[in-house]
Amino acid sequence: MKRLWLIVVVAMACQAKKTTTEVLQLSVPAAPPALISIDTASQIISDYLTNPRIDLSQRALGGVFPVSDFTPDAKNEGLLMWYCFDAAAKQLFMAIEPYLHYDAEKLPRYPIQLILRRPVNTYLYNGASPTEKDVKDFLLNQKLIGTSADIDNATATRYVKSFDSLMNTMVDASGQRYQEYPFNYFIWGADYKTFISWAGADGYIRYDLAFNDKDKPNRVRIVLIATDKDGNTVTGAQGFKEPGGQGIQNGWPPPP
């Protein structure tokens, strides 16, 4: 009997080890991403650019994908965006893949698909200043189009691990990391589909990195911005407008 119990305990320990190395645990279910105004987007992007403890803005502000890479399909429920850091090029970018089902009890630690997509064009912030006012002007007037390229799973995984190591060097005053999970997840709900439609069939989706100190444990966030085929930010009745307007932010996971 003692030998049987020993076998059971060893088996359970092995299973626990497998879980901690392959999946992440999150105790809350997924929820739709938040639609936000351009003023909110400008504020949290400005906070990303000016935070003295996170040295990320010199590596990237964002990137651009064809809208087709963000268009929902019939097989999956959402989109995973993985934080990737190419240490050799000192470049931060997002690699994306469709995701079948978000299970809060068994989240992926590393990319799943054999092939993911990454932006060919990433960019730094080149506005007049990192103030909210100038960031808002940047968001509304930046023109950028670009293509995406394949990135294989092994390369993406290596870059995800590199980003994780990078975040170990960036902690707040209490010693906590600014990013605990290596991805954001966007559910293909009604608001997401409306947002994607703003870009049209031949438009683009820009992403910008942002920061919200209330969004623990993932305080670095993703803001998605729809643009037309010429790279113009969509404004007016669809997209950003004054005083409200909507972009999409707060990809999962949010604070638990």
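Where a number appears in this text, it was derived from the coordinates with a stated rule and is not lab data. Since this is a predicted model, take the numbers as computed values, not measurements. Note that each Cβ is placed from the backbone with ideal geometry, even for glycine, and that neighbours are counted across all protein chains shown.
Here are a few things to note about the model shown:
- Each peptide in 64-71, 190-197 receives the mean, over its residues, of other Cβ atoms within 10 Å, and ordering these scores from highest gives 64-71, 190-197.
- Length-normalised contact order of region 21-141 in % [C-alpha pairs under 8 Å, at least 6 apart]: 38 percent
- Directionally averaged projected area (convex hull, Cα atoms, region 97-206), nm²: 9.8 nm²
- In this rough spin-label picture, where each label sits 7 Å from Cα along the Cβ direction, the ASP39-ALA74 distance is 4.4 nm.
- Cβ-Cβ FRET estimate between ILE112 and SER197, R0 fixed at 25 Å, reported to 0.05: 0.40
- Alpha carbon centroid spacing (whole Å) that separates region 160-176 from region 63-140: 19 Å
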